[in-house]
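Contents: one structure, followed by commentary.
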Amino acid sequence: MANRPLSRRTFVRLLSIGAAAGVLAARRTAAAGTEKLSVKDPAAIALGYVEDAAQVDPKKYPAYVKGSSCENCLQLQGKPGDTYRPCSVFPGKRVAVSGWCSSWTPEM
Ligand code: SF4
């Protein structure tokens, strides 16, 4: 088998295929890196995070607004319809849309 030099066109194609594969791999890694926030996480404990807003103790958190949850919080990010979504207060983690923490900020 003879080794032929790559044409410029073939080289550019291979380069673009490699770049596309790199982008896909980075997206998969980013998605895999967003784990669910544990209620036992020190940051979650500090902010009183719960996975079910109905569990919030209003005596402990008097600023709790009835009916508030991650789902209607300004800090919630990601795609509507997902049960767990990223939150700007807990980078790299996903929170339950039914959850709540003391950083709750009403949507505008
Ligand atoms: Fe939920 Fe908002 Fe607290 Fe994030 S900041 S955990 S979205 S209540």
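Computed from the coordinates by the stated procedures, all read-outs in this text should not be read as laboratory data. The model shown is predicted, which means the values in this text are computed figures rather than measured ones. Virtual Cβ from ideal backbone geometry, glycine too; neighbours counted across all protein chains shown.
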Can you tell me the length gained on complete extension of the stretch Ser98 to Lys79, counting 0.36 nm per residue apart and subtracting the Cα distance?
5.4 nm
In region 43-108, what trypsin sites (Lys or Arg not before Pro) fall in a loop by DSSP, with at most 12 other Cβ atoms inside 10 Å?
Lys59, Lys60, Lys66
Quick check: convex hull over the Cα atoms of region 63-108, volume per residue in Å³, rounded to an integer?
69 Å³
What FRET efficiency comes out for the pair Glu71/Ile45, r = Cβ-Cβ distance, R0 = 30 Å, nearest 0.05?
0.90
Tally Lys and Arg at +1 and Asp and Glu at -1 over the other residues with C-beta under 15 Å from the C-beta of Val65: what net charge comes out?
0
Simple spin-label estimate for Lys60/Glu107, 7 Å along Cα→Cβ, in nm, reads 2.7 nm
